[in-house]
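In what follows, a structure is listed as structure tokens, so that the remarks can point back to it.
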Amino acid sequence: MFVYTIRRLIQTIPVIIGVTLVVFLMMHLIPGDPAQIMAGERADEVQVEQMRDRLGLNDPYYVQYASFISNAVQGDLGNSVRSGRAVSSEIGARFWVTVELAFYSTLLSIFIGLIAGIVSATRRNSLLDMFIMIFALFGLSMPNFWLGLMLIQYFALRIDWLPVSGWGSPEQLLLPVITLGTAGAAIIARMTRSSMLEVIHQDYIRTARAKGVPERYVIYKHALRNALIPVVTVVGLQFGVLLGGAVLTETVFAINGLGRFVVEAIRMRDFPIVQGSVLVLAMLFVFVNFLVDLSYRVLNKRIELD
Amino acid sequence: MPETTVNVSTQNTKRINPQLENFKTMWRKLKTNRVAMAGGILILFFILVSFIGPLLTSLDPNSPDVSSRLQSPSSEHWFGTDNHGRDIFTRIIHGMSITLYIGFSSVAIGMVVGVFIGIMAGYYGKRTDAILMRIMDVFLAFPGILLALGIVAVLGGSINNVIIAIAIFSIPVFARIVRGSTLSVKKLEYIDAVRALGASDARIIFRHILPNILSPIIVQATLRVATAVLTASGLSFLGLGAQPPTPEWGAMLAAGRNYMWEYPHIALFPGLAIVAVVLAFNLFGDGVRDALDPKIKS
């Protein structure tokens with residue numbers, strides 16, 4: 001396991017380098033002159049030149065990249081070209097909001113997805129199964145920002161149970177977490193169902209039943225444990241999708257997180273902020289994938305030992 | 001695992017086109033799958049609407065009509081009117097072609113590039129594989145919509161840039177799947193036989209590998225259109241895609257947001273339109289997967 005962890009850790013290095021390279025290049029791939037764009041259309045030549053200097057655009061590419069990396073490692077992601085504040089502290093103030101939102105939404109989608117998936121698989125082709133699967137298909141096909149708007153419309157305005165926007169109190173969490181978690185729940189439900197069905201038809205499950213192991217025990221101890229392995233991968237991927245989806249959810253609920261921050265920065269053409277936020281979110285996702293791979297390995301190992 | 005129909009012997013003797021045979025087998029299986037058929041018919045219907053719909057609507061989707069602002073659904077305005085007095089039903093019908101255009105073209109571009117990269121990686125292996133797939137890993141490291149968002153941030157918001165963004169966002173997904181399928185087809189004995197007969201790499205790839213990995217590509221492409229439509233509407237909702245007054249559904253939701261508290265129909269119908277289209281592609285994709293995946297048949 002230790003060797004595997006190290007090997008997996010080494011594998012992430014080229015990905016991390018690649019991600020930093022892509023994020024670095026963002027600024028240089030802007031059609032036209034990035035300094036002009038960020039200084040604003042009405043900026044005169046002196047201002048554009050100042051901006052170019054501030055962004056270090058006069059240096060050769062490799063120097064720019066090297067300083068981008070060495071600064072980033074030290075936690076310096078540059079300054080906002082609008083407010084002048086340090087990007088890292090701006091991100092720090094919002095980072096946990098987005099992580100919390102994605103985390104709670106993942107929890108919700110695992111909870112609902114697993115239960116729905118197991119119920120569906122164990123009552124295959126029943127009315128309940130059909131109902132759950134149709135529901136899941138809708139959950140999968142709904143844009144989360146629209147779901148958010150509809151939830152606000154009903155629960156916050158029509159019946160006035162929950163707050164329209166914001167983040168912090170438990171009541172404020174509920175609607176955004178449902179908004180963001182629904183698609184994930186649908187995906188996990190479908191994955192759990194098909195994975196359970198595949199496992200249930202395998203020989204060792206038949207053997208367990210033949211031995212007289214109680215059905216409940218067969219399902220939860222034997223089938224579910226093995227069925228969970230592909231589900232774990234989906235959960236990891238889902239967390240990434242949710243991090244991305246947070247951009248939309250935060251916009252709908254006016255939550256002051258990293259997602260909404262990026263969108264505002266894009267509108268303001270504040271590229272240091274866009275670069276910094278994208279970099280942080282991608283790094284977080286790389287880290288989560290790393291953890292998922294480890295847990296996947298742990299689950300697999302146990303089965304080998306069985 | 002892709003389905004593998006081996007056509008080597010028939011190829012030279014009976015002049016049977018292997019690609020065509022593959023499609024025929026696929027079609028036979030598809031026809032019996034009700035879910036796939038339901039999704040397929042819905043998709044055809046939406047395509048039809050996108051072409052014929054705008055001809056049948058008498059109202060202009062974009063010109064404002066202040067006298068009929070914010071009307072609730074009625075026999076005159078089926079889905080009501082928006083804050084500029086434009087008929088929402090008309091706008092949704094006109095938006096259909098935009099949605100399908102973005103969905104199809106972005107997935108087509110992403111598919112062609114992704115399939116090419118995946119086949120190269122799987123077929124040539126070794127260093128080519130390592131380099132290409134590490135690059136794909138980098139793209140996959142950007143969570144969800146974020147890669148598309150970043151690309152649009154760089155290129156600027158417009159329908160064509162959204163297509164480019166979503167195409168790039170789809171490339172690694174196709175590349176990964178195609179690489180895996182190529183690897184398993186490459187191992188088949190008949191590929192060795194064809195090679196021994198002196199077939200060139202290009203011939204092996206296009207005549208023998210590609211037709212055999214079509215099933216997973218088709219399944220993925222269908223499901224990917226659903227994702228593309230969701231992503232595109234999301235980008236437009238954020239103001240980074242189609243710009244007003246374009247009747248794109250995400251942009252319509254964004255524009256109607258400030259009025260939806262009092263006039264819920266403004267946000268209801270464009271959203272339902274998105275759900276309908278995405279649902280159709282998900283249904284079709286699910287059905288096609290069940291029909292073409294040999295593993296599920298048992």
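Sub-7 Å Cβ pairs linking a first residue in the range A:282-306 that is over 15 Å from A:V232 (Cα atoms) to a second residue that is β-branched (V, I, T) and modelled with pLDDT under 80, at least 6 apart or interchain, number zero.
Which ranges mark the helices (runs of 4 or more DSSP H) fully within the range A:192-306 that have 2 or more residues being within 11 Å of chain B (Cβ to nearest Cβ) and closer than 29 Å to A:A136 by Cα? It would help to see each step written out before you state the result.
Numbers: elements: A:203-210, A:224-252, A:258-267, A:271-305.
By residue number, A:224-252, A:258-267, A:271-305.
Screening A:A223 on (1) among the small types (G, A, S); (2) buried (at least 21 other Cβ atoms within 10 Å of the Cβ); (3) at pLDDT 80 or above shows it passes everything except condition (3).
I'm trying to understand the selection: among the residues of the range B:261-271, which are more than 27 Å from the chain's Cα centre (by Cα), facing another protein chain (nearest Cβ under 10 Å) and closer than 14 Å to B:P73 by Cβ?
Scanning the range B:261-271 gives a single hit, B:P264.
The helices (runs of 4 or more DSSP H) found entirely in the range B:105-210 that carry 3 or more residues being at pLDDT 85 or above, within 27 Å of A:A246 (Cβ to Cβ) and more than 14 Å from chain A (Cβ to nearest Cβ) are B:159-186.
For the range A:143-184, a residue qualifies if it is crowded, with 18+ Cβ neighbours inside 10 Å and among the small types (G, A, S), and the qualifying residues are A:G148, A:A156, A:G181, A:A183, A:G184. Residues in the range B:214-251 that are part of a helix (DSSP H, G or I), away from chain A (no Cβ under 11 Å), touching a residue at least 24 places away in the same chain (Cβ under 8 Å) and of a type outside the set (K, R): B:L214, B:S215, B:P216, B:I217, B:I218, B:V219, B:Q220, B:A221, B:T222, B:V225, B:A228.
The values are calculated or read from the model by the stated rules, or taken from the named source; none is laboratory data. Bear in mind that the values here come from a model prediction, so they are computed numbers and not experimental data. Here the Cβ is made from the backbone with ideal geometry for all residues, glycine too, and neighbour counts use every protein chain on show.
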